[in-house]
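The values are calculated or read from the model by the stated rules, or taken from the named source; none is laboratory data. In this text the structure is predicted, and so the values were computed from the model without any measurement. Cβ atoms come from the backbone with ideal geometry, glycine included; neighbour counts cover every protein chain shown.
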Amino acid sequence: MIVLGLESATAQVGVAIGGPGGVIVSFHSTRERRHAEALAPAIDFLCRQAGVDLDAIGAVAVDVGPGLFTGLRVGLATGKAIAHALSVPMAGVSSLDLLAFPARITERVVVSAIDARRGEVYHAGYRKEGGGIRRIAEPRVGHPDELAGQLRALGEGCLMVGDGAHRYAHVFGEVDGVEIAYEGFRYPSAESLVELAVAKARRGELVPEREIMPLYLRESYVHEKKREA
């Protein structure tokens with residue numbers, strides 16, 4: 001099965017194509033372009049590079065969030081449209097899970113933190129388990145100082161990944177035992193999305209496109225303003 005992975009929940013947009021043998025091709029960009037403008041050309045480019053016709057795709061994987069509202073919606077809408085047109089199933093994976101997955105080799109607790117804007121971060125905690133990683137703290141949104149307090153209470157070393165960890169490094173860096181991962185762990189990757197989708201396919205966990213739902217954790221700024229009015 002060939003899987004098309006679309007990642008657009010953060011400032012980076014990514015596309016990857018792969019299968020049980022691994023990722024074949026991938027593309028990521030953090031240039032100042034709207035995700036809607038970058039995603040479709042990237043899909044077309046990668047299909048040509050891989051020599052794969054779009055109708056050969058057997059499943060579509062998307063990042064369901066949390067993340068930036070506009071980018072998240074673009075990825076979900078594009079992925080659902082392709083899956084519907086091809087009549088293929090989908091896999092949805094959290095952006096926080098995608099961030100933690102490449103860090104599964106560490107024995108320390110892994111904390112994913114995504115910049116949620118407005119002075120907050122989306123975050124979740126993980127531990128290594130077997131050849132993968134297991135979530136030990138459910139996704140939440142909160143102030144960096146609150147998360148720093150939770151890390152102090154944890155009382156053990158941890159590795160922080162994500163652009164939220166980098167943006168508030170001055171806060172998290174004050175916590176003993178906390179290390180901020182290097183630049184390569186700043187954004188979720190489409191390669192990880194394909195790998196996790198292939199694993200879901202093996203376990204029979206792919207679903208129809210109508211069952212893929214976004215994980216927002218909070219209302220958009222526009223909705224909040226409407227509710228307050």
Would you be able to say whether some residue in segment 108-121 is in the same structural domain as Val175 (by TED's automatic domain parsing), assigned to a strand (DSSP E or B) and over 19 Å from Val171 (Cα atoms)?
no
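One line per residue, one yes/no per condition, for (1) farther than 20 Å from Lys200 by Cβ; (2) surrounded by fewer than 19 Cβ atoms within 10 Å (Cβ to Cβ):
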{"residue": "Glu129", "(1), (2)": "no, yes"}
{"residue": "Gly132", "(1), (2)": "no, yes"}
{"residue": "Arg152", "(1), (2)": "yes, yes"}
{"residue": "Met160", "(1), (2)": "yes, no"}
Go through (1) free of Cβ contacts under 8 Å to residues at least 40 places away in the same chain; (2) assigned to a strand (DSSP E or B) for Ala153 and report which single condition fails.
(2)
Matching residues, segment 32-84, being aliphatic (A, V, I, L, M), touching a Leu at 6+ places or on another chain (Cβ under 7 Å) and not in a helix (DSSP H, G or I)
Ile57, Ala59, Val60, Ala61, Val62, Val64
Could you list all residues from segment 156-202 that are closer than 26 Å to Gly131 by Cα, of a type in the set (D, E, K, R) and part of a helix (DSSP H, G or I)?
Asp163, Glu183, Glu191, Glu195, Lys200, Arg202
In the set Ile180, Ile133, the lone residue that is in contact with a Phe, Trp or Tyr (Cβ under 7 Å, 6 or more places away or on another chain) and modelled with pLDDT under 95 is Ile133
Determine which member of the set Pro66, Pro41 is more than 16 Å from Val3 (Cβ to Cβ) and free of Cβ contacts under 8 Å to residues at least 24 places away in the same chain.
Pro41
Checked Gln12, Gln49 against criteria (modelled with pLDDT under 95, out of contact with any helix residue (DSSP H, G or I) (no Cβ under 7 Å at 6 or more places or on another chain) and surrounded by 18 or more Cβ atoms within 10 Å (Cβ to Cβ)); the one match is Gln12
Looking at (1) in contact with a Gly (Cβ under 7 Å, 6 or more places away or on another chain); (2) surrounded by 13 or more Cβ atoms within 10 Å (Cβ to Cβ), which one does Glu156 not meet, given that it meets all the others?
(2)
